[in-house]
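Here the structure comes first, spelled out in structure tokens, and everything after it is commentary.
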Amino acid sequence: MSDANIKQESDLTRRNFLRGLMGAAGAATAIATYETFVNDPQLVLAQDGTPAADVPAMIASADGDHFDNVERMRTELVRALQKPAAERRWVMVIDLRKCVGCHACTISCVAENKLPPGVVYRPVLDEEWGTYPNVGRRFIPRPCMQCDNPPCTPVCPVNATFKNGEGIVEVDYDQCIGCRACLAACPYGARTADFGLTYTGTTPIAAGLLVGQDKAESYERVANYEYGEARPREGHESPIGNARKCHFCLHRVHVGELPACVTTCIGRATLYGDANDADSLVAEMIASPNVIRLKEELGTEPRVYYLA
Amino acid sequence: MFTQKNIKRLLYILGIIAVVLGIFGFYNRLFFGERDVNYGSYVTWGLWVAMYLFFAGVASGCYMVATLDYLFDVPLFKGTGKLALWAALVTLPAALISIGMDLGHMERIWKVYLQPNFNSLLAQMVWGYTIFGVVILVSLWVAVRAKDNRPLGLKVFVGVGFVLSIFISGGVGALLGVNASRAVWHVGLLPAQFPIFSLASGVALVLAIVSFFTNSANRARQQRVLGIALVILLLIKTYILWSDFSMSLYSGVPQNVDAITQVLYGEYWWAFWLVQILLGTIIPIVVLVIPRWAQNRYLAGVMGILILVGFASARANIVFPALTVPELGGMAEAFSGPHLGFEYFPSLMEWSVTMGIVGLATLAFLLGIDRLPFFKDSAEVAR
């Protein structure tokens, strides 16, 4: 090997090293910035529709030249947050042709919202259809449809569930009496009730030991941040005993982050954004002719669109 | 062996046993919440909601029967009004305890009174049954004070209560019927049939009460008329059931067909065929049609109880099967976990609570007719 070649290889190695270092620095900055968002209460926006004042700028991708749909959607999300809440129209688009049925969205949702056993916001329906040899299999992720005409809200005896200023159907955990009328009314089965279970409920108590139930379940007791409010699982405090549902991760959206299911979708099958922004990816997608919505005949006007 | 005294004693013993069995359920429910129930997020309502519909129906039905005495002044039924009102007064709390146990946050029930959404059928029902409870109480109070008279004020009040009893018993049907997502419930007939079912269950309870606990001169004729009324009401009920099921099966709408098939041939077919149809309908009709059997006070009383058991099962057969049909294909397998199933049979804790409620209502009724002065001094009530 000649000296020139050695030098070139050495330069390449150095360049790679520096690139890697910059990448790591970028990632560290990204993490640090993210930490700032989630830890700084000032950055959590009010849910009453006030325009976003402190929405952070989009985190640049590590290598600086690669933009995928997630980054585009984040840019659009930040843009949408600058508008008054009433002018945003959050929608979700799920490309069924890209969904591989990995259930990553389901799991990320469980992790993000710290869902206990028996509570699920976004299952992926796995259907086999046809008769041999003409058979097929399809996966249909099913979040809350955030209907514009929701059948679940008028049945609530105490107005605990309602469409907020941004058109997202919320549950006021402190108001909900746990009658489950909204569960029965939802045509999509998109609500579940929290019966107060924990994954470690059957772990032996073994007080004082690391393996004991009190230690094991401590991670289950930490607060989630649904609707921007910290709610540790304690005693019979809400959301235990309440109806629960997908809320398009509003607590993330309000700090400029996409819903957990969107960022973790390995096939980029789930898209999210403001359909009132004509330049947004979701607006582009829902204008395509192969868009369907579930049970459209019921007149519920779902905000979840499927590309088939 | 079959004396009124023995029957009352037997009912006291059964009531006490039921309450004792209920202690476990109440303790579990009140201290550990809803962890041990078998209903869940898909079968959202279970035994307690079915029993709420049942007891609420019995309460409004009993009130309807009381109007024969206090509103329509039918001489034959003179003296039965108080008993019917007392029966309504003990079954209504049973209904409210049942539905209260079903709430995830029962301590927040006050919100339905102070922060209600009146567009919600549930809120309307909470208010309706609360007002109805007051109406029953005041009706009984006025009736007791009026003794053998039927003053205009009593008639007006009982008339208002009569209309209210029809509306609120229909309302519980509407509570289910307004759910457009459940094809089998979402029929105009559903709320319309509930007042008929309520009347039938009220007549059945009053038949049992008259047969077991009264000694008036009119007792045999009252028993006969109530028996014939029950036969007619059971035939109407069966016809409604037939029209409902046949229409659903004929139309072939999958959600309807699945729910009806579940009732007829599902895992709990026996609850329909054996309890609701055989015990709750066919046997009572046969017994009450044959005069010799229908005039036997104990047999007639037992028929009243059987009809009530049949109606309780009928309520369950309305509530559960509609919820056991998934809203979307693949939901049953999509995500598994506790309370995420489409099959339902009440848990031990649910049965225990229901036993306790039945026991409490039974004991309250018996203690009332034994201890309350207006029953104690009444010539009609057997000692």
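A few remarks follow.
- Counting other Cβ atoms within 10 Å as a rough exposure proxy, the listed residues B:132, B:26 run B:26, B:132 from fewest neighbours to most.
- With each label modelled as a point 7 angstrom along the Cα→C-beta vector, the residue B:74-residue A:202 pair spans 5.6 nm.
- Gyration tensor (Cα) of region B:160-204, equivalent ellipsoid semi-axes in angstrom: 21, 11, 6
- Note on residue B:155: lysines with a C-alpha under 16 Å away, same-chain residues under 8 apart excluded, are B:78, B:82, B:147.
- Straight-line cross-link partners of residue B:376 among the aspartates and glutamates, defined as a Cα under 20 Å from its Cα and at least 8 positions apart when in the same chain: B:69, B:148.
- The angle between the Cα long axis of helix B:80-101 and the main principal axis of chain B comes to about 20°, on a 0 to 90 degree scale.
- Only alpha carbons enter this Debye calculation for chain B, each as an equal point scatterer, and the log10 of I(q)/I(0) it gives at q = 0.10, 0.11, 0.12 Å⁻¹ is -0.64, -0.78, -0.93.
- Mean separation of Cα contacts under 8 Å (6+ apart) over length of chain B, as relative contact order %: 32 percent
- Between residue B:332 and residue B:224, the distance separating the two model label sites (each 7 Å from Cα on the Cα→Cβ line) works out to 5.3 nm.
- Bins of 10 Å from zero: percent of alpha-carbon pairs in the protein assembly as shown: 3, 13, 22, 21, 16, 11, 7, 4, 2, 1, 1, 0, 0
- Between region B:105-168 and region A:142-160, the C-alpha centres lie 30 angstrom from each other.
- Each label point was placed 7 Å from the Cα along the Cα-to-Cβ direction; for residue B:27 and residue A:295 their separation is 4.2 nm.
- Average beta-carbon neighbours from other chains, 10 Å sphere, peptide B:118-126: 5
- At q = 0.22 Å⁻¹, base-10 log of I(q)/I(0) for region A:168-273 (Debye sum, equal scatterers on each alpha carbon): -1.19
- Cross-link partners of residue B:8 among aspartates and glutamates (Cα-Cα below 16 Å; sequence separation of 8 or more within a chain): B:370, B:380
- Once the Cα atoms are used to define both axes, helix B:47-70 deviates from the longest principal axis of chain B by about 30 degrees.
- Ordering of A:228-237, B:263-272 by burial proxy (mean other Cβ atoms within 10 Å per residue, highest first): B:263-272, A:228-237
- Per-residue ³J(HN,Hα) for region A:99-112, Karplus 6.51 cos²θ - 1.76 cosθ + 1.60, θ = phi - 60°, Hz, x for Gly and Pro: 6, 9, x, 7, 6, 4, 5, 4, 5, 5, 5, 4, 5, 5
- Cα centroid separation, region A:260-301 to region B:319-366 (Å): 37 Å
- A quarter of the convex hull surface defined by the alpha-carbon atoms of region B:250-383 gives 12.2 nm² as the mean projection.
- Gyration tensor (alpha-carbon) shape descriptor, region B:1-147, a/c threshold 1.5: oblate
A short reminder: the numbers here are calculations on the coordinates, not readings from a lab. Remember, it's a predicted structure, so these values are computed and weren't measured experimentally. No Cβ is skipped: glycine too gets one built from the backbone with ideal geometry, and neighbour counts run over all protein chains shown.
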